[in-house]
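Everything on this sheet refers to the single structure shown next.
The values are calculated or read from the model by the stated rules, or taken from the named source; none is laboratory data. Everything numeric in this text was worked out from a predicted model, so none of it was measured. Here Cβ is always computed from backbone atoms with ideal geometry, including for glycine, and neighbour counts include all displayed protein chains. We work out accessible area using only protein heavy atoms, side chains counted, and drop any ligands, DNA or RNA first. Shrake-Rupley method; radii C 1.70, N 1.55, O 1.52, S 1.80 Å.
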Amino acid sequence: MPQIIISREAMRQIIKKLMIAAFLIACSGAARAEQGVKLDDFVGGLVPNCEYSSVFERFRRSVAARYGRNMDGKRTKSNAVLVVPAEIKSVMGSIASRNKVEWTEVVIPVTGTIRSLPVSAIEFAFGNQNGISVTSIHFVWSKADVQKILGPEIARGSEFIKYQAQNAELADGASIALNEIQGRARLVCDVST
C-alpha cells in the first residue's frame, strides 16, 4: 500500500477546516434550539376552544400533582413525576411556583411557537382545593400583533365556550381571552368550575 505523506502545514489546514465545520454545525443547532419547537400539536385545541391534547393534559395534570397545594397552602406531592415530552423538555426553563392563597401559580418558561407566534411561557393556575383551573400562554409579541393572527379563532372559540356553558358542558365562568401584560400578549383559557 502506498504511503501518503502530509506536511505539517497541510495537516494544520485540514484540522482548521474540520474545526470550522464543527463550529458551524454547533451554531446551527444552537440557533434551532433558540427558535424552539412548534407547540401547536402539544397544546392541541387550546386555541380556539380551551381543549387540551392528551399529551398536554397529562403534562398539565403532572404539573398540578407536583406543584398543587391544599387549603392550608402546603404542597401535596412535591415528589410527583412531571410527564414532559422530550422535545418540550429540551426547550423548557426552570419552573417557578407561587402560592397565591386561593390558587397556585406555576410558570414554565418555554422557547417555541404557536401558529408561528413566538411563545415565552406556559402558565397554570391550580386552585388550592377549589375549582380554579386556568391555562395561559405568554407570547413574545404584543396583543395587537397576536390578535392579527389569532383574533378570528379566539372570537369563534369564545362563542363556542359560551355555547358549551349554556348547555352545562362547561362552567358558567369559562372563557378564552387575549390580554396584554407589560406589552406582551397572553392567551388565557379559564375553565374553572
Candidate set from the range 172-181 (those that are of a type in the set (Gly, Ala, Ser) and open to solvent by 30 Å² or more (accessible area, probe 1.4 Å)); member that is modelled with the lowest pLDDT: Gly173
Among residues of the range 49-61, those that are hydroxyl-bearing (Ser, Thr, Tyr) and either crowded, with 16+ Cβ neighbours inside 10 Å or touching a helix residue (DSSP H, G or I) at 6+ places or on another chain (Cβ under 8 Å) (or both), counted: 2
Qualifying residue in the range 63-80 (condition: touching a Phe, Trp or Tyr at 6+ places or on another chain (Cβ under 7 Å) and within 16 Å of Asp190 (Cα to Cα)): yes
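Among the residues of the range 76-89 satisfying the criterion of being touching a helix residue (DSSP H, G or I) at 6+ places or on another chain (Cβ under 7 Å) and either open to solvent by 30 Å² or more (accessible area, probe 1.4 Å) or assigned to a loop (DSSP other than H, G, I, E, B) (or both), which is farthest from Phe139 (Cα to Cα)?
In this case the residue turns out to be Lys77.
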Only listed residue being out of contact with any helix residue (DSSP H, G or I) (no Cβ under 8 Å at 6 or more places or on another chain), buried (at least 20 other Cβ atoms within 10 Å of the Cβ) and part of a strand (DSSP E or B), chosen from Val119, Val146, Val107, Val134: Val119
Yes/no for Glu169 being modelled with pLDDT of 90 or more, open to solvent by 60 Å² or more (accessible area, probe 1.4 Å), not polar (S, T, N, Q) and not in a helix (DSSP H, G or I): no
Candidates Arg58, Arg66 - the one that is basic (Lys, Arg) and modelled with pLDDT of 95 or more: Arg58
